[in-house]
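The values are calculated or read from the model by the stated rules, or taken from the named source; none is laboratory data. Being a predicted model, the structure only gives us computed values, none of them experimental. Every residue, glycine among them, receives a Cβ derived from its backbone with ideal geometry; neighbour counts consider all protein chains shown. Side chains included, ligands, DNA and RNA excluded: accessible areas come from the protein's heavy atoms. Shrake-Rupley method; radii C 1.70, N 1.55, O 1.52, S 1.80 Å.
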Amino acid sequence: MTRISRRLFGAAALVATAVAAMLGTAPARAQQPYPNQPIRLIVPFAPGGAVDQTARTISNALGKQLGQTVVIENKPGASGSLGAGDLARARPDGYTLMLALDSQAVNHYTVKNLRFDTFTSFDYLSLLVTTPQVLVVRSDMQVKTVDQLVAYLKMHPETSYGSAGTASAGHVNSAQLNIAKQLSTTHIPYKGAAPLLTDLLGGHIQYAFAGLSVMLPHIQAGKIRALAVSSPKRSAMLPDVPTMSESIPGFEYPTWIGLVAPKGLPSDVREKILAAIREVMHDPDVSKRFAENAFDIVNNSPEAFSARVKKDSDVMADLVKRKIIVAE
């Protein structure tokens, strides 16, 4: 064999070896059990809010249960719909998940040009936690009750309030307060509860409904004052603060946060995620952290979660029909 022939033969052998390796390892990699790479967890709101808190409470424990790192990615905007759109475009392989806020159920009424269908583009896995919405004002306002706030707002109809985004629970609660008490205050949406809080403390807005989990430290520090909570009963974290229903019968709309995947997860992957999240939500350390931050653990079934999404959608349909809440 000539030197040139030997070189050609050697090169051909290297190429053949590489091709064989590629053909051999690709199917092997595909056959590895889920999960075999890091998992992306989308948080469709800014850092510091209730959804971000939830992600940071469960991510390490979920990663341990699944045997892979869970990487949190904040993608705020359009009341959570930017992150939801990213999720809808992801492959349904279990490597992209999202924590949805209650606004997920109603954005189809209020955010224009959504590139997904709220009911058919996602697999609603479990509503993980709820936290009461708390009605708060700046501590320097001479307002200590819901009735006093209503009186103030009637005298100052130009007053503005904030929410964690259009159609969020905070927006819905404030809109319902306006309906019940015939108020005409102005809504200012934010990309989450954290920037809302900054503007509340800075005096740019006068009041807000927001998740108790975010507001609690600032209430305890005396920076803001809690007037009422939107849960069916008083919060153990604020036992002296009345419920909204004590002032307005039937007034109830807490914040919820749930785990969502793109539609079409393989059944074995879906069951593995559901089993892992059940273990996480029953972990004593995770439960303690949620309780300390005023979250109530729910961890319901996919069917119950989907039903809650439909229920909240129906509430929003009425508000939109009455033009209480309008599209952005």
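Full extension of the chain segment joining TYR152 with ASN113 gains 10.3 nm, where the gain is 0.36 nm per residue of separation less the Cα-Cα distance. Relative to the dominant Cα principal axis of the chain, helix 267-281 is inclined by about 50°. Placing pseudo-labels 7 Å out from each Cα toward the beta carbon at LYS321 and SER245 gives an inter-label distance of 2.4 nm.
Enumerate by residue number the trypsin sites (Lys or Arg not before Pro) in region 216-274 meeting two conditions: DSSP loop (anything except H, G, I, E, B), and at most 14 other Cβ atoms within 10 Å of the site's Cβ.
LYS233
Residues in region 133-246 average 40 Å² of solvent-accessible surface per residue, probe 1.4 Å, ligands and nucleic acids excluded.
For the residue pairs LYS64/LYS311; LYS64/LYS288; LYS112/LYS233; LYS64/LYS233, the C-alpha atoms sit more than 27 angstrom apart in LYS64/LYS311; LYS112/LYS233; LYS64/LYS233.
Assign unit charges at the C-beta atoms only (+1 for Lys and Arg, -1 for Asp and Glu), then state the dipole size of the chain relative to its Cα centre in Debye, rounded to the nearest 20. Don't jump to the answer; show the numbers that get you there.
Values: 33 positive and 26 negative charges, 217 e Å.
Dipole magnitude for the chain comes out near 1040 debye.
Inter-label distance, LYS310 to ARG56: 3.7 nm, where each label sits 7 Å from its Cα along the C-beta direction. Per-peptide packing, taken as the mean over residues of other Cβ atoms within 10 Å, places 34-44, 197-207, 149-159 in the sequence 34-44, 197-207, 149-159 from highest down.
The ratio of the alpha-carbon radius of gyration of the chain to the globular-protein estimate 2.2 N^0.38 Å is 1.22.
Which parts of region 99-125 would a label at SER301 reach, counting a residue when its backbone N lies under 14 Å from a point 7 Å out along Cα-to-Cβ? Counting backbone N atoms under 14 Å from the label point, the list is 125. Considering the chain as a Gaussian network with a 10 Å cut-off on Cα pairs, which listed residue, PHE290, PHE209, PHE45, attains the greatest mean-square fluctuation? Fluctuation is largest for PHE290. Extent along the principal axes, Cα only, for region 133-246: 33, 29, 27 Å, with the longest axis given first.
Just checking the listed ones, ALA210, ALA307, ALA261: in the Gaussian network model of the chain with Cα springs under 10 Å, the one fluctuating most is ALA307.
Whenever you get a sec, compute what percent of the accessible area on region 133-246 sits on carbon and sulfur atoms (1.4 Å probe). Carbon and sulfur together cover 51 percent of it.
Treating cross-link reach as a plain straight distance, find the aspartates and glutamates whose alpha-carbon is under 19 Å from the alpha-carbon of LYS310, omitting any fewer than eight places away in the same chain. Hits, sequence-local ones excluded: ASP102, ASP117, ASP123, GLU252, ASP318.
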